[in-house]
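Note sheet for the following structure.
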Amino acid sequence: MICNGNLPRIPAIKGIGRVFAVLILKQIFRVLYLGKVVSMATPSHHQNPTPSTKKKKTHKNPEANFLYELNSCSKSKDLKAAISLYDSALSNNTRLNQSHFNTLLYLCSTFATDPDSKDLALRYGFRVFDHMMALNIHPNEASITSIARLSAAKGDGDYAFEMVKKLGDYQVSPRLRTYEPALFCFCQKLEAEKAYEVEEDIDKMGLSLEEPQIVALLKLSADTWRGERVYNYLHKLRRSVRWVSEETCKVLEDWFCCKASEIGSDVGSVKEAILRNGGGWHGLGWIGEGKWVVKKGNVEPNGRCCCCGEQLDCVDIDDVETEKFALSVAGLALEREVKANFREFQDWLEKNADYEAIVDGANIGLYQQNFAEGGFSVLQLDAVIKEMYTRSGNKWPLVILHNKRVRALLENPSHRKLVEEWMANGVLYTTPHGSNDDWYWLYATVKLRCLLVTNDEMRDHIFELLGSSFFLKWKERHQVRYTFLKGALKLQMPPAYSIVIQESEKGSWHVPIVCESDEESLRSWLCITRPGGCEDGR
């Protein structure tokens, strides 16, 4: 053997025979050894290809390849190509899975409302679904949504709804979109009781209707002359959206322009309900009699309707929401504060409940004080106190301030007199050592349903803990922001009115319509009144 490049030992051959033997062995060595060296130094293309010459995989397994091509058809919205692929897969006995069927069903349901492709989409859509069930492949929410859409396109709302209810058999929860085909189908066919049954099932599942579904039900109720239902859906719309689309506006106009109602409630109960609900609605039913007057117009910056002259409300959260909000804040505060300290504040507030404004003292005193000589501005805080006193008809606000801060101010001779004046007027509540002022001023504002002067945007962890859907609505109604320009105080009070659907104690309705402009004065409102219900339009 050749080892480490050395020639093997030559057997004892003498004369010319030895010479020839040596030459032959050297030649063999050169071929074998040098060939091996060249091979190691220069790899062949097949042994170790470089990235640039590496061949791409062109063959996938049939199932993966089928899904890849199906997804391409889905992206390009090519129904015929997808059906051709499906037929080929059947011919080749390709093993199909849920993803294959869902992609095919989605494509078929997409074309189910296209006049040119509807027949093909329906025929293959149901065929694909039957094939899926025959293979005992359980449908998921996407599968059922697609077959429900196909059923609705065929005009079979019953089958669409039946499919949704069968999702429970597979331990799958439906989504709002799963119910839509059956709901819209029943609404279009004026099958009111069936549509209301779908709505009940949606409620049972803990899902919330959005504008398209509410308007479909409202229109159905209007077309079948169910005035009480129209009234209830108007309030569902009020709770669901801040303003309506032009399409929704047209549905409302059509209803009010052809409907007269004579249902009413006494004035006292209406006013009480509006107060209890936070303003902007009473929920007691239609008020007044005669034909409705429907106009489109704008609302002035002060909240006055340009069509009827009625003043719109700045809408607050209702009594039930307010009580839950206060309990939530108190519960969280008692978990994080010294219980005795916060309970003492709660008891004190019960006995001193006539404040109309709460002031976040630290937020105001430290405003724009991040300069070399900056500290705590007593003058800024005093300016806010006196301005709120004047605005409320000579009623002092309540200032929440930490006792450490108050002690420091009292120790300063130039501040002591002013702070003692606040204390004498019952302006100050000092929070104890280790407490967080935020819990105190937030709880006081909610509990007393009064104004809160602060620039705090209430976005930190304290407010995230509340997780309330009505928190923004509450802030809009209660927060007073401020600025100091060259030492002069300027307050930004809550808006004069809320941009939401409003129902007045006189029975009128004002509905804001979607607006592309940021300028609120350009927003159109639907003004719906009865003759004599409001001031004459201008």
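The values are calculated or read from the model by the stated rules, or taken from the named source; none is laboratory data. Every value quoted in this text rests on a predicted model; they were computed, and no experiment measured them. Counting neighbours? That spans all protein chains shown, and the Cβs are built from the backbone with ideal geometry, glycine included. Please note that ligands, DNA and RNA were not included when accessible areas were found on the heavy atoms of the full protein model with its side chains. Shrake-Rupley method; radii C 1.70, N 1.55, O 1.52, S 1.80 Å.
Data for the structure
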{"read-out": "Test: residue in segment 235-242 that is aliphatic (A, V, I, L, M), under 16 Å from Glu503 (Cα atoms), at pLDDT below 95 and open to solvent by 40 Å² or more (accessible area, probe 1.4 Å)", "value": "no"}
{"read-out": "Filter pass, Ala340 being in a helix (DSSP H, G or I), open to solvent by 10 Å² or more (accessible area, probe 1.4 Å) and either under 25 Å from Arg530 (Cα atoms) or not assigned by the TED database to the domain that holds Leu218 (or both)", "value": "yes"}
{"read-out": "Condition broken by Ser208, with the remaining ones in (1) within 20 Å of Ala152 (Cα to Cα); (2) open to solvent by 80 Å² or more (accessible area, probe 1.4 Å) satisfied", "value": "(1)"}
{"read-out": "Candidates Gly278, Gly285, Gly297, filtered to the one that is surrounded by 13 or more Cβ atoms within 10 Å (Cβ to Cβ) and either farther than 23 Å from Lys236 by Cβ or outside the structural domain of Pro512 (by the TED database) (or both)", "value": "Gly297"}
{"read-out": "Only one of Lys475, Lys506 that is at pLDDT below 95, open to solvent by 70 Å² or more (accessible area, probe 1.4 Å) and outside any strand (DSSP E or B)", "value": "Lys506"}
{"read-out": "Condition check for Gln380: free of Cβ contacts under 8 Å to residues at least 24 places away in the same chain and open to solvent by less than 40 Å² (accessible area, probe 1.4 Å)", "value": "no"}
{"read-out": "Leading residue by the ranking (most open to solvent (accessible area, probe 1.4 Å)) among those in segment 133-144 that are in contact with a Leu (Cβ under 9 Å, 6 or more places away or on another chain) and among the polar types (S, T, N, Q)", "value": "Asn140"}
{"read-out": "Candidate set from segment 133-160 (those that are outside any helix (DSSP H, G or I) and not polar (S, T, N, Q)); member that is farthest from Gln98 (Cα to Cα)", "value": "Gly155"}
{"read-out": "Residues that are closer than 17 Å to Ile364 by Cβ and assigned to a strand (DSSP E or B), drawn from segment 478-503", "value": "Gln479, Val480, Arg481, Tyr482, Thr483, Phe484, Leu485, Ala488, Leu489, Lys490, Leu491, Gln492"}
{"read-out": "Filter pass, Leu190 being among the aliphatic types (A, V, I, L, M), touching a Leu at 6+ places or on another chain (Cβ under 9 Å) and surrounded by 15 or more Cβ atoms within 10 Å (Cβ to Cβ)", "value": "no"}
{"read-out": "Hits in segment 509-523 - residues which are modelled with pLDDT under 90 and assigned to a helix (DSSP H, G or I)", "value": "Glu520, Ser521"}
{"read-out": "So Trp348, is it under 25 Å from the mean Cα position of the chain (by Cα) and not in a strand (DSSP E or B)", "value": "no"}
{"read-out": "Qualifying residue in segment 161-176 (condition: hydroxyl-bearing (Ser, Thr, Tyr), open to solvent by 30 Å² or more (accessible area, probe 1.4 Å), within 19 Å of Leu67 (Cα to Cα) and part of a helix (DSSP H, G or I))", "value": "no"}
{"read-out": "Per-region count, segment 308-319, residues part of a loop (DSSP other than H, G, I, E, B) and open to solvent by 30 Å² or more (accessible area, probe 1.4 Å)", "value": "2"}
{"read-out": "Residue within segment 320-337 that is more than 30 Å from Arg242 (Cα to Cα) and buried (at least 18 other Cβ atoms within 10 Å of the Cβ) present", "value": "yes"}
